[in-house]
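Structure first, then comments.
The values are calculated or read from the model by the stated rules, or taken from the named source; none is laboratory data. Here the structure is a predicted model, which means the values were calculated and not measured. Note: ideal-geometry Cβ built from the backbone for every residue, glycine included; neighbour counts use all protein chains shown.
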Amino acid sequence: MRIYLASRNRGKLRDFDGMAPALRVELLPGIETMPEIEETGDTFLANACLKAGEASRWAAEAGGMHNHAAVGIPGQGPLVMADDSGLVVDALQGEPGVRSARYSGGDDEANNRLVLEKLGGVPRERRSARFVCVLAVAREGEVLATFEGKAEGYILDAPRGHNGFGYDPLFFSPAAGCGFAELTAQEKAHYSHRGQAARALLDWARRHNSTHSRL
């Protein structure tokens, strides 16, 4: 079962590795040439729907993929998935939130430094945080479904681990018993916000595929 990911972030694609063998997630072909989609929403849901809708329309009309049937429905455009996700820190009144990727205006390392600077002197019991992910699936500009996942934890005093990307080195997961950057992609999928959302998406895709296969 193939779904295309509308993202230039290969770290997100690696996160889907091992989540669900029946779900084949690939980068949207030609994503590098797709016009940049401005994330104007003030929620993860709004931005995920915006990106999925625009990317699926581009894939069907201008991306040269109109003959790539998805989920067993010949003659229709491909299923395109967009992810909007980020870190929500309670002591920072929900920051970085929807601005997680561009929080500092720099790269992942700069974003992590800024979070640690803002949390300077805040004790562990007040460093609660969660990762939030919303996946939106669309075809030819129409959003078909959305899925949300959350992972609860807290912010460490310093980066830990060498796996993952983004804020993973700062995030400790009590459920996993370690930091996200200390987990393999397969291990992280079990606990992560993106893993939760992807499993819900897979359940929907199976039902969707079964329904249309009988038509």
### Message
I'd like the residue in segment 91-104 that is touching a strand residue (DSSP E or B) at 6+ places or on another chain (Cβ under 8 Å) and in a helix (DSSP H, G or I) and, out of all such residues, is modelled with the lowest pLDDT.
### Response
ALA101
## Note on the structure
For ASN163, the lone unmet condition from (1) out of contact with any strand residue (DSSP E or B) (no Cβ under 8 Å at 6 or more places or on another chain); (2) in contact (Cβ under 8 Å) with a residue 60 or more places away in the chain; (3) surrounded by 16 or more Cβ atoms within 10 Å (Cβ to Cβ) is (2)
### Query
Given (1) in contact with a Lys or Arg (Cβ under 8 Å, 6 or more places away or on another chain); (2) of a type outside the set (Ser, Thr, Tyr); (3) buried (at least 21 other Cβ atoms within 10 Å of the Cβ), where does LEU119 come up short, assuming only one miss?
(3)
### Task
Find all pairs meeting these conditions: Cβ atoms under 8 angstrom apart; at least six residues apart or on different chains; first residue within segment 166-178 and within 26 Å of ARG8 (Cα to Cα); second residue in a helix (DSSP H, G or I) and among the polar types (S, T, N, Q).
GLY166/SER100; GLY166/ASN111; TYR167/SER100; TYR167/ASN111; TYR167/ASN112; PRO169/ASN112; LEU170/ASN112
#### Entry: Residues of segment 148-160 satisfying the condition of being hydrophobic (A, V, I, L, M, F, W, C) and either surrounded by fewer than 21 Cβ atoms within 10 Å (Cβ to Cβ) or under 17 Å from ARG124 (Cβ atoms) (or both)
ILE155, LEU156, ALA158
